[in-house]
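The values are calculated or read from the model by the stated rules, or taken from the named source; none is laboratory data. Predicted model, so just to flag it, every value in this text is computed and none were measured. Note that we place each Cβ from the backbone using ideal geometry, even for glycine, and neighbour counts take in every protein chain shown. Surface areas here come from the heavy atoms of the whole protein model, side chains and all, with no ligands, DNA or RNA. Shrake-Rupley method; radii C 1.70, N 1.55, O 1.52, S 1.80 Å.
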Amino acid sequence: MSGNPLKVGVLVGSVRTGRFADKVSRWFVSEAAQRDDMEIHVIDLSEPALVEELKLSLDPLGTPTATPRLAARIDALDAFVVITPEYNHGYPASLKLAIDYVYAEWRAKPVAFVSYGGVAGGLRAVEQLRQVFAEVHAVTVRDTVSFHNPWQRFDDEGRLLDDDGGSSKAASVLLDQLAWWGVTLREGRAARPYGS
C-alpha cells in the first residue's frame, strides 16, 4: 500500500432481507482491494448498530437527530463508492436516511456508484442520487459500474460468472477517477476549509 492511501468507504445501501447487494459488494470490494493506493472500508447500512442508529434518528415529530456512529465513520473517510439497487425507479430509503442524517461529513468528498437492477441496471437510482449528493456538497464521479438483470451473473461468493473483463475494466476506470478526485479534494480540504 502506498504511503498515504485514500480511505475509501464502500457504502452498501440496501437493507432488505435476502438482498442481492451482498454479491455485488463482495465483487466490488475484491476489485478495489487489488489497488495499493486505497484502503477500503465497508459501511453496510444493514449492520445492526447502524440500523438501530438510523431508526432512532427521528424524534417524535419526524425531525432528524444525531447519528454519531455513522457520522464519525463518514467523516474519517476521503471518498465513497455507493452500492445501490434500483427499487421502483429509485434508490432505497435507507440510503436517503444515511445521506441526510449525516450531511456535513459528505462535504467536498467524491462519490462514485455501483448499481444493479432490471433493464436499467440501477442507473435511474444513480441519476437521482447525483442530485441528492450535490445538495450535501459532494462531487459525483462520472463513470459508473452497473449490472443489468444481474441475478444469474454472480455466484454465492460474489464472483462474476459470465464476465469478459468489461465489468473489471469499468471498475478500474471508476476507481481511477475516484482516486483523482479523492486525492485532489483531500489536498484541497487540508489547504483550506471548505465553506458552504
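A few remarks follow.
- Matching residues, region 30-44, being buried (at least 18 other Cβ atoms within 10 Å of the Cβ) and either in a helix (DSSP H, G or I) or in contact with a His (Cβ under 7 Å, 6 or more places away or on another chain) (or both): E31, A32
- Test: residue in region 129-142 that is among the small types (G, A, S), more than 13 Å from the chain's Cα centre (by Cα) and open to solvent by less than 10 Å² (accessible area, probe 1.4 Å): no
- Qualifying residue in region 77-87 (condition: open to solvent by less than 40 Å² (accessible area, probe 1.4 Å), over 26 Å from G18 (Cβ atoms), touching a Leu at 6+ places or on another chain (Cβ under 7 Å) and touching a residue at least 60 places away in the same chain (Cβ under 8 Å)): yes
- Residue count for region 143-161, restricted to those that are exposed (fewer than 14 other Cβ atoms within 10 Å of the Cβ), of a type in the set (A, V, I, L, M) and either out of contact with any Phe, Trp or Tyr (no Cβ under 7 Å at 6 or more places or on another chain) or within 22 Å of L129 (Cβ to Cβ) (or both): 0
- The lone criterion from (1) within 12 Å of the chain's Cα centre (by Cα); (2) more than 21 Å from T17 (Cα to Cα) left unmet by P68 is number (1).
- Check on L97, within 15 Å of the chain's Cα centre (by Cα) and closer than 24 Å to N149 by Cα: no
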